[in-house]
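Asker: Starting off with a structure, shown below.
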Amino acid sequence: MTTPELQQAYSQAYGRPAEKIFFAPGRVNLIGEHTDYNGGCVFPCALSFGAWLLLSRNSDNVLRFRSLNMTDTYEIPIDAIRPQGNRAWCNYALGCIDIIMRRHPEAKLMSGYDLLYYGNVPAGAGLSSSAAMEVVTARAFTEEMDRKGAELPCGYTDDKAYRTELAKISQLCEREYAGVMCGIMDQFASAQGKKDHAIYLNCDTLEFEHVPVKLDGIKVVITNTHSPHHLDSGAYNDRVRQCQTAVEQISKVRPIKHLAELSEDDWAQVESAITDPIAKKRARHVVGEVARTAAAVEALKKGEIAYFGELMTASHVSLRDDYEVTGLQLDTLAEAAWQVDGVLGSRMTGGGFGGCTVSLVKDEAIERFKAFVGKEYEEKTGLKADFYVAEIGDGVMRLH
Ligand code: ADP
Ligand code: MG
């Protein structure tokens, strides 16, 4: 939808145009999967699709929530902000407003608001429609609740620090209001994204670097399994625990805090200390993935795109065999992609078990890729895949 179309929808909903419009993107992780909670780096980029928020103040002291993607609407008094039951979608926004006020005591809601959301990230596909919605809300309400009228809200003088704070507010919202014990990658990418750059991010220290993504004649193609990402909290928590077991057993021979501290040479020396075979496989993935992610960033900087693609494929194999978070849908997509001439690499992205794959495909091979992968996928799973040629976009912004 264009901005005028969104304004029209807002006027239809609330009888007047919106005072302000904000946008925040979804994201895709190019490589570095299940490294974040092991002290390692990830390498996501922001997409050109995401969530829009249109708002105006009202004089009724209530927050009215509408979304063009949802039928449920909510009306919450501004002095009764707390998590709503029944998996209410407004939690992803309400939590941000609450957390801004808790982290910034000088921030205050000075009126009610009439809010309209719209998103074009396929929901539940692992491309972080939830982070887009949180970050757009955090961006808008840090500005609205700031009473000093400085250039950046909340007393920030540095844009990068401000954007990191938006990511932190959004992550806390997802944890406390949506009950998802997520890391910070998704919100960070949505807040700090930069057009045609990926973000090499250490999720532990929040140090990061924007790395140019120059892909002459090659596109990043996202393929949606349309099988919701069911890395349920049980499977996720199991992986976290298994990695912890590996850290404890390795620490008997070499004290470490995180698996990401180990190079592949270190691994050869310490792996025999892990007696639990499952924990050993999980740790092997993490150590390998941390090294692959660093190598992928170097390859991109040198323009070695073919090698970058090989590392993506190796990442999928490791997630399939050692981390065991792929499953029939993701494996079918990746394995079909590897057979297509003109595909440089393909892997699952996100938590696993469903969601999307990300592939590097030569321009001339894109139609062939869609036809072959789509056919194989339907034959093997009975599901239809969807394809998006990704554009790497900027992070959260005010549009109007
Ligand atoms: P994803 O992988 O897309 O982030 P999640 O399950 O984490 O999947 O988040 C999806 C949820 O986020 C939706 O069920 C809804 O509650 C909320 N959401 C995302 N985008 C919107 C939107 N545009 N309008 C209303 N709610 C949204
Ligand atoms: Mg999400």
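Asker: Give the residue that is farthest from HIS258 (Cα to Cα), with candidates limited to residues of the stretch 273-283 that are buried (at least 22 other Cβ atoms within 10 Å of the Cβ) and in contact with a Cys (Cβ under 8 Å, 6 or more places away or on another chain). Step through it out loud before you land on a result.
Answerer: Here is the first cut: in the stretch 273-283, the ones buried (at least 22 other Cβ atoms within 10 Å of the Cβ) are 274, 282-283.
From the residues that got through so far, the ones that are in contact with a Cys (Cβ under 8 Å, 6 or more places away or on another chain) too are 282-283.
Values: ARG282: 13, ALA283: 10 Å.
That would be ARG282.
Asker: Since GLU134 meets every condition but one in (1) within 16 Å of ligand 2 (Cβ to nearest atom); (2) more than 18 Å from LYS20 (Cα to Cα), which condition does it not meet?
Answerer: Failed condition: (2).
Asker: For the stretch 122-143, what are the residues that are near ligand 1 (Cβ under 9 Å from one of its atoms) and among the hydroxyl-bearing types (Ser, Thr, Tyr)?
Answerer: Within the stretch 122-143, SER128, SER129, SER130 meet the criteria.
Asker: Let me ask something additional. Taking interchain pairs and intrachain pairs at least six residues apart, which have beta carbon atoms under 6 angstrom, with the first residue in the stretch 141-168 and within 19 Å of CYS203 (Cα to Cα) and the second open to solvent by 20 Å² or more (accessible area, probe 1.4 Å) and assigned to a helix (DSSP H, G or I)?
Answerer: LEU166/ARG139
Asker: Quick one: VAL62 ticks every box in (1) under 30 Å from ARG320 (Cα atoms); (2) touching a Pro at 6+ places or on another chain (Cβ under 8 Å); (3) of a type in the set (Val, Ile, Thr) except a single one, so which number is it?
Answerer: VAL62 satisfies every listed condition except (1).
Asker: For the structure I just gave you, tell me whether PHE23 is within 17 Å of the chain's Cα centre (by Cα) and crowded, with 24+ Cβ neighbours inside 10 Å.
Answerer: Against the criterion (within 17 Å of the chain's Cα centre (by Cα) and crowded, with 24+ Cβ neighbours inside 10 Å), PHE23 qualifies.
Asker: Suppose the filter is open to solvent by 10 Å² or more (accessible area, probe 1.4 Å), part of a strand (DSSP E or B) and more than 30 Å from VAL213 (Cα to Cα); does ARG16 pass it?
Answerer: Here the answer is no, as ARG16 does not meet what is asked.
Asker: Still on this model: Step by step: first the residues of the stretch 144-168, then only those that are open to solvent by 30 Å² or more (accessible area, probe 1.4 Å) and in a helix (DSSP H, G or I), then the one that is nearest to ligand 1 (Cβ to nearest atom). Which residue is that?
Answerer: Step by step, filter the stretch 144-168, then rank; the result is LYS168.
Asker: Same structure, new question: Six or more apart or on different chains, Cβ atoms under 8 Å: show the pairs whose first residue is in the stretch 81-99 and closer than 10 Å to ALA178 by Cα and whose second is more than 13 Å from ligand 1 (Cβ to nearest atom) and part of a helix (DSSP H, G or I).
Answerer: PRO83/GLU176; GLY95/LEU172; GLY95/GLU176
Asker: Does the stretch 220-227 contain at least one residue that is open to solvent by 40 Å² or more (accessible area, probe 1.4 Å) and farther than 18 Å from GLU33 by Cα?
Answerer: Yes: one or more hits.
Asker: Next question, about the same structure. Does ILE99 qualify as being touching a Leu at 6+ places or on another chain (Cβ under 9 Å), away from ligand 1 (no atom under 16 Å from the Cβ) and either charged (D, E, K, R) or open to solvent by 30 Å² or more (accessible area, probe 1.4 Å) (or both)?
Answerer: Spelling it out, it is not the case that ILE99 is touching a Leu at 6+ places or on another chain (Cβ under 9 Å), away from ligand 1 (no atom under 16 Å from the Cβ) and either charged (D, E, K, R) or open to solvent by 30 Å² or more (accessible area, probe 1.4 Å) (or both).
Asker: When the residues of the stretch 169-196 are filtered to those that are open to solvent by 30 Å² or more (accessible area, probe 1.4 Å) and under 22 Å from TRP52 (Cβ atoms), which remaining residue is nearest to ligand 2 (Cβ to nearest atom)?
Answerer: ASP186
The values are calculated or read from the model by the stated rules, or taken from the named source; none is laboratory data. What you see is a predicted model; the values in this text were computed from it and never measured. Please note: Cβ atoms are built from the backbone with ideal geometry, for glycine as well, and neighbour counts cover all protein chains shown. Note: accessible area is taken over every heavy atom of the protein model, side chains too, but ligands, DNA and RNA are not part of it. Shrake-Rupley method; radii C 1.70, N 1.55, O 1.52, S 1.80 Å.
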